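Step one of this worksheet: look at the structure below.
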Protein chains: 4
Amino acid sequence: MANSKFEYVKAFEKEVYLLPETYMVVRVDGRGFHKLSETYKFEKPNDLNALELMNKAAQSVMEKIPEALLAYGDSDEYSFLLQKNCEIFERREAKLTSTFSSTFTAYYNFYWKDYFPNSPLTPERLPTFDARVVLYPNQQNVKDYFSWRQVDCHINNLYNTTFWQLILKKGLTPQESEKRLMGTLSSDKNEILFTELGINYNDEAEIYKKGTVLIREWELKDDQPSLNERELSKRQKDRLRKKFRKAKIQKYHIDIINEGFWNERPWLLES
Amino acid sequence: MANSKFEYVKAFEKEVYLLPETYMVVRVDGRGFHKLSETYKFEKPNDLNALELMNKAAQSVMEKIPEALLAYGDSDEYSFLLQKNCEIFERREAKLTSTFSSTFTAYYNFYWKDYFPNSPLTPERLPTFDARVVLYPNQQNVKDYFSWRQVDCHINNLYNTTFWQLILKKGLTPQESEKRLMGTLSSDKNEILFTELGINYNDEAEIYKKGTVLIREWELKDDQPSLNERELSKRQKDRLRKKFRKAKIQKYHIDIINEGFWNERPWLLES
Amino acid sequence: MANSKFEYVKAFEKEVYLLPETYMVVRVDGRGFHKLSETYKFEKPNDLNALELMNKAAQSVMEKIPEALLAYGDSDEYSFLLQKNCEIFERREAKLTSTFSSTFTAYYNFYWKDYFPNSPLTPERLPTFDARVVLYPNQQNVKDYFSWRQVDCHINNLYNTTFWQLILKKGLTPQESEKRLMGTLSSDKNEILFTELGINYNDEAEIYKKGTVLIREWELKDDQPSLNERELSKRQKDRLRKKFRKAKIQKYHIDIINEGFWNERPWLLES
Amino acid sequence: MANSKFEYVKAFEKEVYLLPETYMVVRVDGRGFHKLSETYKFEKPNDLNALELMNKAAQSVMEKIPEALLAYGDSDEYSFLLQKNCEIFERREAKLTSTFSSTFTAYYNFYWKDYFPNSPLTPERLPTFDARVVLYPNQQNVKDYFSWRQVDCHINNLYNTTFWQLILKKGLTPQESEKRLMGTLSSDKNEILFTELGINYNDEAEIYKKGTVLIREWELKDDQPSLNERELSKRQKDRLRKKFRKAKIQKYHIDIINEGFWNERPWLLES
């Protein structure tokens, strides 16, 4: 049986190779997590177990995919920064998006039982994630991307905290709470929380206010070679990569908008 | 805190909208399944449980994504045919690939315990899948695509069956078996199987020789409206879609290369 | 001097290969032709010389690019239909758009002197054209594309004829004429033309009302081989192509919306 | 007559918007210039009039398209560098490639008579050009791109000079000359030129050895505002752009590989 008669269909497969020397950020997003959080009864406004499960899945992805230098996540999303010059999957877009979504999904589902021992998954609503890759040509773009996500975390968390506390503590219906917050500024929400609900927003947990950042920590001592791969021999590169993969992944709930964060970790944007 | 300063980074996100009125085929592929099959000790040349787990995951994907009309799979891959005119995810490529890979992964991992009760998954090697979408402009291309996959299944299975039986029954090493088969034609392999190994390839299980095809069966009676949506009213369409989603998904191990297969199910290519 | 140090920049060049077995339509559009028509004092509402120069340029493009089967144009635009299976420029998008825009521009400028002998071109405003390729998966799409352009020609010409005749015959200012036509239907404009301006729109020249279609005419006699190239030998194909390139290009101002037009010329959509 | 029935075909038009904040280089290439140079009897190895006509066309393109900051050309090609942040044509790829190819073609054909007064163009072989856009994420890439082109110019010119002088001065046939040069290094060709043909390659005209660079010269004095547009008001931007467009375009035949060239003109890469 000759295969050749049908093989012409392969020519219809189009690979998109992403621009070289450009930062790639892969963002993974929960699909239908509003309903999922109801099915499995997530706590409102924030479910610490759900967030830590996201963190666990993201950390597992970073361990499997060493080109991921940094990850930032909050709510049901996680963004991964890849090395600027990396040739992961030959920079093929579909390979990148589908591998990240699949790997994140596998770990999230695998570790579910550790974070929700009393809410086993049911096949009617398994957690799934979509993914996209975004290209950023320079360092400022990358910093601004992650700042955008962290500002978004803050805005959403302030809203959600006020929205849910009005329901939980004051007995408002969701509609009433929504109406109450319509048109309010951040300062108004802080005021409502403080005056009406007895909550100082500053005292809320950092993981809720700032999200979580995972970093492949790499102490850049003077005797360590630069991560700029162009100048290294093949053998030096291999050794460096091996070492780099073993660098411990650290978890923080800190401000990543200020310049200091990036200045202290030059390898994130230079390598 | 103003969000606007950073929001410009959104403009770097590029959506690819796939050509309308074109058949979309999503193919999901196991990542590193050669090693995975060793880790979890899959039977060689074919592990029936592993294949049925693939089928279960594919069927679950079809139940979740009603635009999938047909799926064909063998080994560690599965191809899904979507309705030509469907507007799933607005035909955005990254959304399609990442959703299929994630959903397939979630079900494959979820049902693992039912098919491999004695080989629990370990986090060091969770099953993951990548995915791609391929566009085909006409019916012949689509038939030829699935024929290509089924021919591929046949070629690989004949090779693997002979390769492994030489090892299992004749005590050859993998290297010796590979060398023995180098340059052989299909007829040679059939002969080796029959004469040396006492196996009539025709008697092998259909699921190994033909793979598995899943079809959303829809009996096209005279009194049923055509699936050509253009001529229907919005309300008729909605009713039709609802009905269609409930159509039972059937599993076969049959020849999909012959014209008869497609002629009997006109809704696969016309809708 | 080693070239290799810089040659890595070639990897940033991305070719887009358009989907095989899909109809390609290239549309060429005049850039800034509103101002250009003022600079060179085109007659209003229609300048016959300007239209015939467009036709001459389009015909020249078809003679240079034998894969172009049909072209339809009106005003300052022209659309070219390419053979469905053709491998022109390996179907590279940038090559297609830039070659069509360049070739059309070269001929339009070259023949300008024959159609506007008293208005020589000045370097401050040379005629230029942009171009795009659009893919259509099936015959109906292609017919509908050209119908869309011809309907557009009709709508614009009816408007422009009424708009300009109100100015020319009734002394309205452009603003008054625009206001007069605001919200009018086709039937209203026909009525204004007939009652107020003494013009029966049906008597207007066909080239204005229908635009121009150029066809590589190919009489499909019974003894001629089908144009379906898949079944032909390499030598038959070459002979056929040679013959086809010599097929005369005919010019018409006819209805291309009706099915008859396409039925009489099956090679346009089948080859 | 309703337009809506056909207008769905517009949805098949796909615009590609190129990545923001990334350098765009448009390269225009002569189509079939080997044959064209024979038809119009260009002098070999270099025809000064042909090169100056390329330069004239490129300069005219820069005057029409003020976003073009720099252009480098040799032989039958020209590369244009656009402002990194510019929003020309909303960064739509097809618009960019087709406009550059069309505009370059229009000027090249228009000025032909000034450079080849005795060889009028014939419609059988009009000069045409294709075009492509390439994206470069950082300054080093851009410098390396133009270095690549200038090194290419040098390599080709050294080869062509030796190839043609062997024919012109020593009476070799093209085949003999080609064979003579097979496998030779640059030093070998210099030696052949010097010893056998009495030519010191260093004495060849700079335009042949280095190609031509066109620069929108803009003296960056201390009192001039930075070109970094982000920090400027809308009104300041407009004024700046107007001023910039009037900056004179200068022509050079100089080394653009050394850092000095770029350091002296910071606005080329910073704006």
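The values are calculated or read from the model by the stated rules, or taken from the named source; none is laboratory data. Predicted, not measured: the structure shown is a model, and the values here were computed from it. So basically every Cβ, Gly included, is an ideal-geometry build from the backbone, and we count neighbours across all protein chains shown. Quick note on the areas: whole protein, heavy atoms, side chains included, nothing else; ligands and nucleic acids left out. Shrake-Rupley method; radii C 1.70, N 1.55, O 1.52, S 1.80 Å.
Put simply, of A:Val133, A:Val151 the only residue that is in contact with a Leu (Cβ under 6 Å, 6 or more places away or on another chain) and either among the basic types (Lys, Arg) or within 9 Å of chain B (Cβ to nearest Cβ) (or both) is A:Val133.
Listed conditions (1) within 14 Å of chain A (Cβ to nearest Cβ); (2) open to solvent by less than 20 Å² (accessible area, probe 1.4 Å); (3) touching a residue at least 12 places away in the same chain (Cβ under 8 Å); (4) not hydroxyl-bearing (Ser, Thr, Tyr) are all met by B:Leu193, apart from (1). Restricting C:Thr162, C:Thr103, C:Thr99, C:Thr128 to those that are under 25 Å from C:Lys209 (Cβ atoms) and buried (at least 23 other Cβ atoms within 10 Å of the Cβ) reduces the list to C:Thr162.
Would it be correct to say that A:Lys179 is open to solvent by 70 Å² or more (accessible area, probe 1.4 Å), among the basic types (Lys, Arg) and touching a helix residue (DSSP H, G or I) at 6+ places or on another chain (Cβ under 9 Å)?
On the way: open to solvent by 70 Å² or more (accessible area, probe 1.4 Å): yes; among the basic types (Lys, Arg): yes; touching a helix residue (DSSP H, G or I) at 6+ places or on another chain (Cβ under 9 Å): no.
No, not satisfied.
Within the range D:245-262, restricting attention to residues that are within 24 Å of D:Tyr145 (Cα to Cα) and more than 19 Å from the chain's Cα centre (by Cα), the residue that is surrounded by the fewest Cβ atoms within 10 Å (Cβ to Cβ) is D:Glu259.
Quick check on B:Phe100: is it within 13 Å of chain A (Cβ to nearest Cβ), more than 20 Å from A:Ala106 (Cα to Cα) and either in contact with an Asp or Glu (Cβ under 6 Å, 6 or more places away or on another chain) or in a helix (DSSP H, G or I) (or both)? Quick ask: steps written out before the conclusion?
Working: within 13 Å of chain A (Cβ to nearest Cβ): yes; more than 20 Å from A:Ala106 (Cα to Cα): no; either in contact with an Asp or Glu (Cβ under 6 Å, 6 or more places away or on another chain) or in a helix (DSSP H, G or I) (or both): yes.
Here the answer is no, as B:Phe100 does not meet what is asked.
Pairing residues of the range A:56-85 that are farther than 13 Å from A:Leu268 by Cβ and open to solvent by less than 30 Å² (accessible area, probe 1.4 Å) with residues that are of a type in the set (Asp, Glu) and at pLDDT 95 or above, at Cβ distances under 7 Å and at least 6 apart in sequence or on separate chains, gives A:Glu77/A:Asp29.
One residue is enough: does the range C:129-137 have a residue meeting the conditions closer than 22 Å to C:Lys248 by Cα and either in contact (Cβ under 8 Å) with a residue 12 or more places away in the chain or in a helix (DSSP H, G or I) (or both)? Explain how you work it out, then say what you get.
Looking only at the range C:129-137, we keep the residues that are closer than 22 Å to C:Lys248 by Cα, and these are none.
Among the residues of the range C:129-137, not one is closer than 22 Å to C:Lys248 by Cα and either in contact (Cβ under 8 Å) with a residue 12 or more places away in the chain or in a helix (DSSP H, G or I) (or both), which makes the answer no.
The residue that is most open to solvent (accessible area, probe 1.4 Å), counting only those in the range D:1-53 that are within 30 Å of C:Leu185 (Cβ to Cβ) and not hydrophobic (A, V, I, L, M, F, W, C), is D:Lys5.
Note on the range D:165-176: residues that are β-branched (Val, Ile, Thr) and exposed (fewer than 12 other Cβ atoms within 10 Å of the Cβ) total 1. Considering the range B:1-94, the qualifying strands (runs of 3 or more DSSP E), each wholly inside and each with 2 or more residues that are within 14 Å of another protein chain (Cβ to nearest Cβ), of a type outside the set (A, V, I, L, M, F, W, C) and over 29 Å from A:Asn156 (Cβ atoms), run over B:23-30, B:77-82.
For C:Tyr78, the test of being at pLDDT 95 or above and under 13 Å from the mean Cα position of the chain (by Cα) is passed.
If you take the residues in the range B:139-154 that are open to solvent by 10 Å² or more (accessible area, probe 1.4 Å), in contact (Cβ under 8 Å) with a residue 40 or more places away in the chain and under 23 Å from C:Lys84 (Cα atoms), which one is farthest from the chain's Cα centre (by Cα)? By that ranking, first place goes to B:Gln139.
One residue stands out in the range A:154-189 among those that are of a type in the set (A, V, I, L, M) and within 14 Å of chain B (Cβ to nearest Cβ): the one that is nearest to D:Asn138 (Cα to Cα), namely A:Ile155.
If you go through the range A:103-126 and keep only what is more than 21 Å from the chain's Cα centre (by Cα), within 22 Å of A:Asp29 (Cβ to Cβ) and not in a helix (DSSP H, G or I), you end up with A:Ser119, A:Leu121, A:Thr122. If you go through the range D:253-271 and keep only what is of a type outside the set (A, V, I, L, M) and part of a loop (DSSP other than H, G, I, E, B), you end up with D:His253, D:Asp255, D:Asn258, D:Glu264, D:Arg265, D:Pro266, D:Ser271.
Take the conditions (1) more than 10 Å from chain D (Cβ to nearest Cβ); (2) open to solvent by less than 50 Å² (accessible area, probe 1.4 Å); C:Asn118 misses just one of them, which is (2). The residues on offer are C:Lys237, C:Lys221, C:Lys209, and the sole one that is modelled with pLDDT of 95 or more and either open to solvent by less than 80 Å² (accessible area, probe 1.4 Å) or not in a helix (DSSP H, G or I) (or both) is C:Lys209. Against the conditions (1) open to solvent by 10 Å² or more (accessible area, probe 1.4 Å); (2) more than 9 Å from chain C (Cβ to nearest Cβ), D:Trp112 satisfies every one except (1).
Residues in the range B:34-68 that are more than 30 Å from B:Glu217 (Cβ to Cβ) and small (Gly, Ala, Ser): B:Ser37 only.
Going by what's in this entry, would A:Asp29 be described as charged (D, E, K, R) and in contact (Cβ under 8 Å) with a residue 12 or more places away in the chain? Outline the logic, then answer.
Values: charged (D, E, K, R): yes; in contact (Cβ under 8 Å) with a residue 12 or more places away in the chain: yes.
So A:Asp29 fits the description; yes.
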